[in-house]
Amino acid sequence: MISLLPLIYVVFAAGVALTKHRYVTLTTTRIRYASHLMSPSEPDRLAGTLAICLFLASLGCASFALQPPPDILVAMNWHLGPYAVAPILWSALASVCVASFGANAHAATDAAY
């Protein structure tokens, strides 16, 4: 079960990122407004560029979540019962980044199109 935990975290984080709720709608409105302020002639291009950058950051964090933790976390010898907590902590933290970057990429995509 512990070996499947990083994959489960990433799947749940992707689900959170793809969920449309009021915070995504609010962020969409703010990104659209900022894009119009920065470039009134092509506001969709700026929001689209932001969406691509945030999507790539989300994919990068997902790849980090599926990798083993850094050696410094393993060296701290944190244990939770019979299991080491470093892989669990690493994948959970990286999955929060996946959800954060993914939700903002969702909002930027909505603002662009």
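With a cut-off of 8 Å between alpha carbons and a minimum separation of six or more residues, what is the relative contact order of the chain in percent? Please report the intermediate quantities before stating the final value.
Working: 139 pairs, mean separation 53.9, N = 113.
Value for the chain: 48 percent.
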Value at 222 nm in deg cm²/dmol, rounded to 500, when DSSP H runs of n ≥ 4 in the chain each add -39,500 (n - 2.57): -25500 deg cm²/dmol
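Considering only protein heavy atoms, what per residue accessible area in square angstrom results for the chain with a 1.4 angstrom probe?
Details: 7370 Å² over 113 residues.
Accessible area per residue, the chain: 65 Å².
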Estimated FRET transfer efficiency when R0 is 35 angstrom, pair Ile8-Asp44 (beta carbons, to 0.05): 0.45
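Of Met76, Met38, which has the most accessible area and how do the rest follow, probe 1.4 Å? Walk me through the numbers before you get to the answer.
Details: Met76 90, Met38 150 Å².
Largest accessible area first, the list is Met38, Met76.
The values are calculated or read from the model by the stated rules, or taken from the named source; none is laboratory data. All of these numbers come straight from a predicted model, not from anything done at the bench. Glycine also receives a Cβ, built like all others from the backbone with ideal geometry; neighbour counts cover every protein chain displayed. Only protein heavy atoms, including side chains, enter the accessible area calculation; ligands, DNA and RNA are left aside. Shrake-Rupley method; radii C 1.70, N 1.55, O 1.52, S 1.80 Å.
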